[in-house]
Amino acid sequence: MNLRHGARGPRELLSQIDGPSILIADELTASVAAQLDWSRVQGFATDAGSRTYHTAILARSLKVPAIVGLHDASLRIAAGTPVILDGATGELVASPSPAQIDDAQRRAARPRRRPAPHAEAGPVATRDGVRIRLEANIELVEDLKFLSESGAEGVGLYRSEFMLSGRPLDNVSEDEQYAMYRSLVEQVAPQPVTIRTFDLDERQVTRDPSRPERRRTRPGLRGLRLGLANPAGLRTQLRALVRASAHGPLRIMFPFVSAVEEVRQARGLLREAEADLQAPGRIAVGAMIEVPSAAVAADLLAPEVDFFTIGTNDLIQYCLAVDRTDDRVSDLYEPLHPAVLRLIRLVRRAAGRHRIPVSLCGEMASDPALVGLLIGLGLTEFSMTPGAIPLVRQVVQDLDFAQARMLAGHVLRLATAAEIEQYLFDALAASAIQRSPLP
C-alpha cells in the first residue's frame, strides 16, 4: 500500500491476483480480512499464534481453511510458491510433489470456494427481521466513490483532521472548511454524514519544536479537550459545520469526551455559532465514547447529546491500559476482554434508556467474527471502512438475532477472553453441522 500510489486498501491491491491463492502473513487482522476477495483467497496461514482462538473464529466465520502459529512461514515461503494447506491437520506443504498434489485432491471432500460478497443497495436485516444499519468511515472526500460500491447507508464517521494534511490548525480557514464539508454533505445526501470535529493532539496544533513530541496514543490534551483549550479553532470549525448543514443532513460528533461538562461547553460554543449565523439550531450532536469515564457515566452523558458512537480502538486501549503499538504489551490488547464487552453493553443500555441511537466503529465493527456477538449485545448500527461492508452485510443476513442474544448472554458470564474465544469457536464449530446464529 505504501509503494503503490493511489491504492485503496487490500481489496484493491489484491484484486488482480490470479486465483485460487493462499494468503501467508505474519498476522491477519479483522480489518484486512474483511476486505479480501475470498473467491480468490482460498485459505490463509499466519505466523502469529498468540490469539489462536480468535483467528480460528475468523476462519470459521469466513468458511475458509486456515493454520495459525507457524512462527516463520511468511519468511520461509516466497510469494508465488505452490502450497497445499490442510486446515484439518494443520499441515502446510511448500512446493509439493505431483504425488502429494494428487493425494491432497483425493482427500479434499469438496471445493471450499466462498462466493465473493457483492455490494447491495438498500437496508439489511437479520434472518429474523432485525434492521441493521451499516455506514462508512472515510478520511477523504475522494473516498466517497466507494460508498455506492460498498452499499453503505451514509457516512458514520468523517475524520475531519485529515483535511489538514499536516498543516497547523490556524492555517485552515472557515471558508475552506465550509467548502469541504458542503461538498461532502451534498455528495452523500440524502443519506446522513457524521463529521467528527478535529481529533488532534497538542503536538499537531502547536508545532512547537521546543516541545518533545508525544505519541498520539497517550492520554492527555487531545480531541474535545484540546478544542476547548483552544476555543478559537473549535469555533471556526463549528461555524463551518453550521453553514454546511444547510445543504444536507449533517451530524456533529465530539471526540475523546470524558465528562459531561465538556459536552456542555462544546454545545454552548455551537449555540453561539448558530445564533451568530442565524441558523435554526437543529444539528444533531453526539459524543464519541472512547474513554472509560465516558462509558461508565454514559447514563449521565446521554441526556446531553443526540447520539453515541462507541470508538472501540481507543476504548479497548484505555480500558486495558495497553498501548497497542508497544510490542511488549500489544498481545494484551484484547477486544474480547470481559471488561470491554461490559462497557459496550453499559453504553448501549444507557442509550436505550434515554432513547438515543448508538453506533459502534473501529476494528471490532468490521470483524466478521465479532459482528454476531455485538448484535447480540443489542447494537444495530455500525460504521466501518467501506471495503468491509459487503462481507459484514453477508454476516448480518445469515444471523438470527434471537439466538445471537442468547449467545451474548452466555459470553457475558465468562471470566476471561480465552474462555470467550473458546466458546465462540465452539459455537461456530457447531454451525458446521447445524445452522447457528453466527455465520
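In terms of the mean number of neighbouring beta-carbon atoms within 10 Å, the peptides 95-102, 20-27 order highest first as 20-27, 95-102. Using the alpha-carbon atoms, what tilt in degrees (0 to 90, nearest 10) does helix 338-353 show relative to the longest principal axis of the chain? Taking the Cα atoms of the chain, the angle to 338-353 is about 50 degrees.
From most to least packed by mean Cβ count within 10 Å, the peptides 160-167, 174-181, 146-153 give 146-153, 174-181, 160-167.
Taking every C-alpha pair closer than 8 Å and separated by at least 6 residues, the mean separation divided by the residue count of segment 292-344 gives a relative contact order of 34 percent.
Rounded, prolate or oblate: which fits the chain, taking a ≥ b ≥ c as square roots of the Cα gyration tensor eigenvalues, rounded meaning a/c under 1.5, else prolate when a/b beats b/c? Cα axes put the chain in the prolate bin. Applying the Karplus relation 6.51 cos²θ - 1.76 cosθ + 1.60 with θ = phi - 60° to segment 396-406 yields 3J(HN,Hα) values of 4, 5, 8, 8, 9, 4, 4, 6, 5, 5, 5 Hz, where x marks Gly and Pro. Heavy-atom accessible surface of the chain, averaged per residue, reaches 47 Å², computed with a 1.4 Å probe. What number, rounded to the nearest 500 deg cm²/dmol, is the helix-based mean residue ellipticity at 222 nm of the chain, given -39500 (n - 2.57) per DSSP H run of at least four residues and division by all its residues? Theoretical 222 nm ellipticity from helices: -11000 deg cm²/dmol.
Here the relative contact order of the chain, from alpha carbon pairs under 8 Å that lie six or more residues apart, stands at 17 percent. Highest mobility in the GNM of the chain, judged by mean-square fluctuation with C-alpha springs under 10 Å and restricted to 31, 359, 173, is found for 173.
Using r as the Cβ-Cβ distance of residue 271 and residue 426, and R0 as 45 Å, what FRET efficiency do you calculate, to the nearest 0.05?
According to the calculation, E is roughly 0.30.
When peptides 34-42, 274-282 are ranked by their average number of other Cβ atoms within 10 Å per residue, the highest-first order is 34-42, 274-282.
On a 0 to 90° scale, report how tilted helix 260-276 is relative to the longest principal axis of the chain, with both axes built from alpha carbons and the result rounded to the nearest 10. Helix 260-276 sits roughly 60 degrees off the main axis of the chain.
Against the longest alpha carbon principal axis of the chain, how many degrees, from 0 to 90 and to the nearest 10, is the axis of helix 417-431 turned? For helix 417-431, the angle is close to 60 degrees. Taking the protein heavy atoms of segment 241-285 in the context of the full set of protein chains, the accessible area attributed to carbon and sulfur is 44 percent at 1.4 Å.
The values are calculated or read from the model by the stated rules, or taken from the named source; none is laboratory data. Computed from a predicted structure; not experimentally measured. Reconstructed Cβ throughout: ideal geometry from the backbone, glycine too, with neighbour counts over all protein chains shown. We work out accessible area using only protein heavy atoms, side chains counted, and drop any ligands, DNA or RNA first. Shrake-Rupley method; radii C 1.70, N 1.55, O 1.52, S 1.80 Å.
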